[in-house]
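Q: Structure in structure tokens, see below.
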Amino acid sequence: MAYDNAIRSNWLAEQVIPELGKAFPFVAPLTRGNLLVTVGFPSSGARGRSEKIRPAELNRQWTGNEGEKDGMLSIHPIYFDRPRNVLAASLFGLAKHISARWGPSRVGLEKNGADIIATPEVEAKLAEIVALIPEPPSGYGVPFPVRQVSRGRLRRYTASGNCSNGEPHPVIRSASDTLNVTCQCGAAYILG
Ligand SMILES: [Zn+2]
């Protein structure tokens with residue numbers, strides 16, 4: 001089973017963040033496609049005692065980048081044990097947009113050890129979103145149930161000998177079983 005971090009980031013960006021934006025007005029300004037969402041350790045508070053661990057980081061180093069003008073939200077992988085925790089960690093990080101220090105408590109979240117405790121109102125909204133959004137991709141610690149996705153098997157095509165630049169011909173991988181391609185030097189690529 002492949003763990004693909006890009007699939008996880010897409011799930012966060014396309015499913016989780018927009019729904020958080022609808023449920024929590026303070027998140028809405030960050031749902032216009034200018035927030036890069038990813039799964040990764042924060043630059044500090046990544047390891048160590050659980051009370052030191054940061055659920056998420058809202059980083060604004062790269063706001064000059066297209067699609068990152070509102071910042072980069074990085075969700076700590078340990079919160080990928082169940083959907084509720086991913087949502088709580090995301091919200092925790094997004095709240096830092098209000099105040100790096102007090103944002104999470106102002107929106108009804110606090111940390112107890114590594115756990116993110118939500119007020120009953122926030123917990124209810126998180127539960128609604130969990131029920132609404134599609135199943136997340138598999139996680140790090142305890143994997144979520146994973147839907148079987150058929151991945152195309154790539155065929156390997158090679159051309160023998162060196163090319164006109166003296167370098168060996170590169171291998172070409174293609175989903176096609178009947179790729180018919182010739183190098184510009186005239187060498188034919190064959191399956192295998
Ligand atoms: Zn060639």
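Q: Using the Cα centre of the chain as origin and beta-carbon charges of +1 (Lys, Arg) and -1 (Asp, Glu), tell me which of Pro18, Leu91, Asn59 is placed farthest towards the positive end of the dipole.
A: Towards the positive end, the residue furthest out is Asn59.
Q: Quick one: order Glu51, Glu19 by neighbouring beta-carbon count within 10 Å, fewest to most.
A: Numbers: Glu51 11, Glu19 21.
Lowest to highest Cβ neighbour count: Glu51, Glu19.
Q: Return the single residue from Glu14, Glu57, Glu121 with maximal mean-square fluctuation; model: Gaussian network over the chain, springs between Cα atoms under 10 Å.
A: Answer for the Gaussian network model of the chain: Glu121.
Q: Let me ask another. Between Asn5 and Asn112, with labels modelled 7 Å along Cα→Cβ, what's the label distance in nm to one decimal, could you check?
A: 3.2
Q: Report the full-extension gain for the segment Arg156 to Glu123: residue separation times 0.36 nm, less the Cα-Cα distance, to one decimal in nm.
A: Net length gain for the segment: 6.9 nm.
Q: Using the Karplus curve 6.51 cos²θ - 1.76 cosθ + 1.60 with θ = phi - 60°, work out ³J(HN,Hα) for each residue of region 94-109 in order, rounded to whole Hz, and write x for Gly and Pro.
A: 5, 5, 5, 5, 6, 7, 4, 8, 9, x, x, 5, 5, 9, x, 10
Q: Sticking with this one: Pop out the ³J(HN,Hα) list for region 123-131 in order, Karplus 6.51 cos²θ - 1.76 cosθ + 1.60 with θ = phi - 60°, rounded to Hz; leave Gly and Pro as x.
A: Per-residue couplings from phi come out as 4, 5, 5, 4, 4, 4, 5, 4, 6 Hz.
Q: Counting Lys +1, Arg +1, Asp -1, Glu -1, what net charge surrounds Phe26 among other residues with beta carbon under 15 Å of its beta carbon?
A: It works out to a net charge of +2.
Q: Follow-up. Near the amide H of Val107, under 5 Å away, which other amide H atoms are found, from residues 5 or more places off or on another chain, if H is placed in the peptide plane?
A: So Val107 has HN proximity to no qualifying residue.
Q: Would you kindly derive the ³J(HN,Hα) couplings of region 44-49 from the backbone phi angles with the Karplus curve 6.51 cos²θ - 1.76 cosθ + 1.60 (θ = phi - 60°), listing them in order in whole Hz, with x for Gly and Pro?
A: Per residue, the Karplus-derived 3J(HN,Hα) values read 9, x, 8, 10, x, 4 Hz.
Q: Which shape class, rounded, prolate or oblate, goes with the chain when its Cα gyration tensor gives a ≥ b ≥ c as root eigenvalues, a/c under 1.5 marks rounded, and past that a/b bigger than b/c marks prolate? Write out the running numbers ahead of the final one.
A: Details: a/c = 2.73, a/b = 2.32, b/c = 1.18.
In terms of gyration-tensor shape, prolate.
Q: Output the antiparallel fraction of DSSP beta bridges having both residues in the chain, as a percent to the nearest 5.
A: Numbers: 15 of 20 bridges.
Looking only at bridges with both residues in the chain, the antiparallel portion is about 75 percent.
Q: What's the exposure ranking of Ile17, Ile172, going from fewest to most Cβ atoms within 10 Å? Please report the intermediate quantities before stating the final value.
A: Working: Ile17 21, Ile172 15.
In increasing order of surrounding Cβ atoms, one gets Ile172, Ile17.
Q: Of the residues Phe92, Phe24, Phe80, which exhibits the maximal mean-square fluctuation in a Gaussian network model of the chain defined by a 10 Å Cα contact cut-off?
A: Top of the fluctuation ranking is Phe24.
Q: Order of Arg156, Arg8 from fewest to most other C-beta atoms within 10 Å?
A: Arg156, Arg8
Q: Sticking with the crude label model, points 7 Å out along Cα→Cβ, report the distance from Lys69 to Phe26 in nm, one decimal please.
A: 2.4
Q: I've got another one for you. Which value in deg cm²/dmol, rounded to the nearest 500, describes the helix-derived mean residue ellipticity at 222 nm for the chain, given -39,500 (n - 2.57) per DSSP H run of n ≥ 4 and division by the residue count?
A: Using -39500 (n - 2.57) per qualifying helix, the result is -6000 deg cm²/dmol.
Q: Express the C-alpha Rg of region 1-75 as a ratio against the empirical globular expectation 2.2 N^0.38 Å, rounded to two decimals. Intermediate results must be reported in sequence, preceding the final value.
A: Numbers: Rg = 13.1 Å, N = 75, 2.2 N^0.38 = 11.3 Å.
Relative to the rule-of-thumb radius for its length, region 1-75 sits at 1.16.
Only the coordinates and a few stated rules stand behind these numbers; no lab work does. Predicted model only: the values in this text are computed from it and were never measured. When we count neighbours, we look across all protein chains shown, and the Cβ atoms used for this are built from the backbone with ideal geometry, even at glycine.
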